[in-house]
Amino acid sequence: MIKVKGLTKKFGDFTAVNHISFEVNDGEIFGLLGENGAGKTTTLRMLATMLKPTEGTAEMGDFDILKEPAKVRASIGILFGGESGLYDRLTAVENITYFAELNDMDKESIKERVNYLVKAFGMEEYANRRASKLSKGMKQKVAFARAIVHNPDIMLFDEPTSGLDVSAIRGVHEFIRECKRQGKTIVLSSHSMSEVEKLCDRIGIIHKGNLVDTGTIEEFKEKYNNPNLEEIFVRLVGGKHEH
Amino acid sequence: MNIKHVWIVFKKEVKDIARDKKTLITSLLVPMIIIPLMNILVGGGVQKMQRDITENISIALSENSRTDEIKELIQNDILGNWPNIKLIDVDDPIEAIRQEVISAVLDFEKDYKEKMESGKPFTINIIYDRMKLKSEASLQMLSQAIGEFNARVVRERLTALNINPEILEPARIEHTDVADENKSSNPILIMTLPFMLGLLVVVGGIPAATDLVAGEKERNTFEPLLTTKPDRASILLGKYFTVTLFSFVSVVSIIIGFAIGYMINPNSLTMGTGTEITGFNIPTPALVLAILIAIALGMTFAGIQIALSTYARSFKEAQTYLSFLMIAAMIPGYATMFTQPADIQLVMYFIPVINTISAFKMVLSGTINYTNLLAALLSSVVYVALTLTLATSMFNKEKALFRS
Ligand SMILES: Nc1ncnc2c1ncn2[C@@H]1O[C@H](COP(=O)(O)OP(=O)(O)OP(=O)(O)O)[C@@H](O)[C@H]1O
Ligand SMILES: [Mg+2]
């Protein structure tokens, strides 16, 4: 369970995230929907303890991001941006193992887990090839495996499909569904309505740092009396602020 | 901070960089091969030049003095003990000097014979070319040969007059060298080795530092790393020690380079300037102190380099900052290159880079001043603390870490 409580981030005078609060139930996918510069990445970085909130806090599972940041980090996995971000000079397995070691797994369980992931993602053929020699699709799988090597309860995805081609996007979506199947609690940021509609149980619309509204997709459609989520979004975001 | 995490990061970074052929070649192989090669080539050149100048010298007689009598006088009496100088015949002696066929021309006074027989001085004019090394050297050798010839003739004349030739030598010159065999290390080595050492420590970590923070940011591996369990201090220290280690990889390889050069040709250490290195006698405590000072210098710069690499917006920017740092660090190195160990003042031991170079100069000279060494070590420790603090605060600056 994730509980975000009045989370705020200021960069100097500029408020990037303004007192946002929401909850994500166990095993749920929560979609953070917003335009460029809305504050999605900043929010997720605070949840991942990379940035210190100016105000407010959040509970990630059993741990508070301010009080026990190391334990929070140990219980989350991230996939930020479309780029896989692997160490080119390490092999696929070494990339995955490094993150397992960093998360304090012991040798035996690392071996077991890495073997399992290599099989699960079908990476046998290139498991010991250097990342620089892998195709984009292969790299993506390594990045997935790395993100969940320590079997985190919570997954944070920040625009995980940005800049990807169609088949890579499908790969990401499958991975997110697989994480859900495994019972992980998931926050996904996106500016794509269709992506959010396809994957998320509940969504929150963020605009200029403010969380404008939250609810299930059905609730949104009912509340705004419109079957088209995109139109709802434009009304909430564009309508309120641009005119 | 968690030692285990520091170790995990350190291990991975070392493995990662060790697989980077470019870095490896520049920081390991190049010093190991270039240094002995350069020393042997330069050294060989110097030795060959010295040999060339003094061996196989040809001279000729001027047209007026080209008689059998004079030839005989020169070959038997003047150059009897100088087998390296040959008298040959040439058509145009002056032109022959210019063409470097011969090095000098001897021109005897016309009535030299009468003068010599009557005990009067006669003139031998040595014609040479000051701009030619070999010609200039032959002037000295010929002057010496003629001087020896003079002394012999004088001795004969005095003996003929029944006078003891010793009268000509009121004082006899002797010299005794009291230089300590063990301390007679080579000035060239004192000049070059500490300087290179200091520079390498300063630049050695640059490729690693650029790669480990700016490079990670650019390749998008940094955010995933920061969301793993270890705290920032552990990640920073793992990287910091990697950079420190690589500051010394080049140092070690350059020392191996010197050793290889020495094994191939002992003279290469001093670039062929003679004075072979007789076993150094360096007091162990002083050497240990100097090494500690060098390690502290490596850590000091590792701190600055990590801080700059963190601050940089991109890999390119990091490279630019770090090349400026390199130049800034080289200036004091060059400035003190020619300072003799005995002339180094105490304040020098408080200045980064210079303190390390000075410490090694002192240690190589064999005359140790422990106060100065300790001053250098203490100030170095302060610099290490300062720059590590700088790196830490930069590593915790959200503005620096997440700028794009
Ligand atoms: N480190 C920083 N320093 C100053 N301002 C920042 C920083 N990071 C983000 N911002 C600003 O905060 C605002 C929110 O940025 P954020 O990256 O969270 O938006 P986003 O919703 O992820 O947008 P995008 O879709 O472009 O990724 C932007 O206006 C951005 O310029
Ligand atoms: Mg973003």
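The values are calculated or read from the model by the stated rules, or taken from the named source; none is laboratory data. Since we're looking at a predicted model, the values are computed, not measured. Methodologically, a virtual Cβ is constructed for each residue, glycine included, from the backbone with ideal geometry; neighbour enumeration extends over all protein chains shown. These accessible areas exclude ligands, DNA and RNA; they are computed on the full protein's heavy atoms, side chains included. Shrake-Rupley method; radii C 1.70, N 1.55, O 1.52, S 1.80 Å.
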Boolean, B:Pro207 is within 14 Å of chain A (Cβ to nearest Cβ), buried (at least 16 other Cβ atoms within 10 Å of the Cβ) and closer than 19 Å to B:Ala307 by Cα: yes
In the stretch B:65-98, the residues that are under 19 Å from B:Glu55 (Cβ atoms) and open to solvent by 80 Å² or more (accessible area, probe 1.4 Å): B:Gln75, B:Asn81, B:Pro83, B:Lys86
Where A:Asp201 falls short, out of the listed (1) within 16 Å of ligand 2 (Cβ to nearest atom); (2) open to solvent by 10 Å² or more (accessible area, probe 1.4 Å); (3) closer than 22 Å to A:Ser75 by Cα: (1)
Failed criterion for A:Asn36 (all others in (1) under 15 Å from the mean Cα position of the chain (by Cα); (2) within 16 Å of ligand 1 (Cβ to nearest atom); (3) closer than 25 Å to A:Leu164 by Cβ hold): (1)
Complete set of residues in the stretch B:210-242 that are more than 25 Å from A:Asp104 (Cβ to Cβ) and more than 13 Å from every other protein chain (Cβ to nearest Cβ): B:Thr210, B:Ala214
The stretch A:121-141 - residue that is without any contact (Cβ under 8 Å) to a residue 24 or more places away in the chain and out of contact with any Lys or Arg (no Cβ under 8 Å at 6 or more places or on another chain) and, of those, least open to solvent (accessible area, probe 1.4 Å): A:Ser135
Residue among A:Ile176, A:Ile148 that alone is hydrophobic (A, V, I, L, M, F, W, C), within 13 Å of another protein chain (Cβ to nearest Cβ), in contact with a strand residue (DSSP E or B) (Cβ under 7 Å, 6 or more places away or on another chain) and closer than 21 Å to A:Lys119 by Cα: A:Ile148
Members of the stretch A:1-16 found to be out of contact with any strand residue (DSSP E or B) (no Cβ under 6 Å at 6 or more places or on another chain), within 13 Å of chain B (Cβ to nearest Cβ) and in a strand (DSSP E or B), listed by number: A:Lys10, A:Phe11, A:Phe14
Residue within the stretch B:47-55 that is within 27 Å of B:Ser253 (Cβ to Cβ) and open to solvent by 20 Å² or more (accessible area, probe 1.4 Å) present: yes
Tabulated pairs, the stretch A:205-221, first over 17 Å from A:Thr8 (Cα atoms) and within 14 Å of chain B (Cβ to nearest Cβ), second within 12 Å of ligand 1 (Cβ to nearest atom) and aliphatic (A, V, I, L, M), C-beta under 6 angstrom, 6+ apart or interchain: none
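Among the listed residues B:Leu364, B:Leu386, B:Leu401, identify the single one that is more than 16 Å from ligand 1 (Cβ to nearest atom) and at pLDDT below 90.
Residue meeting the stated conditions: B:Leu364.
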Top-ranked residue in the stretch A:1-14 [being in contact (Cβ under 8 Å) with a residue 24 or more places away in the chain and within 16 Å of ligand 2 (Cβ to nearest atom); ranked as farthest from A:Gly56 (Cα to Cα)]: A:Lys9
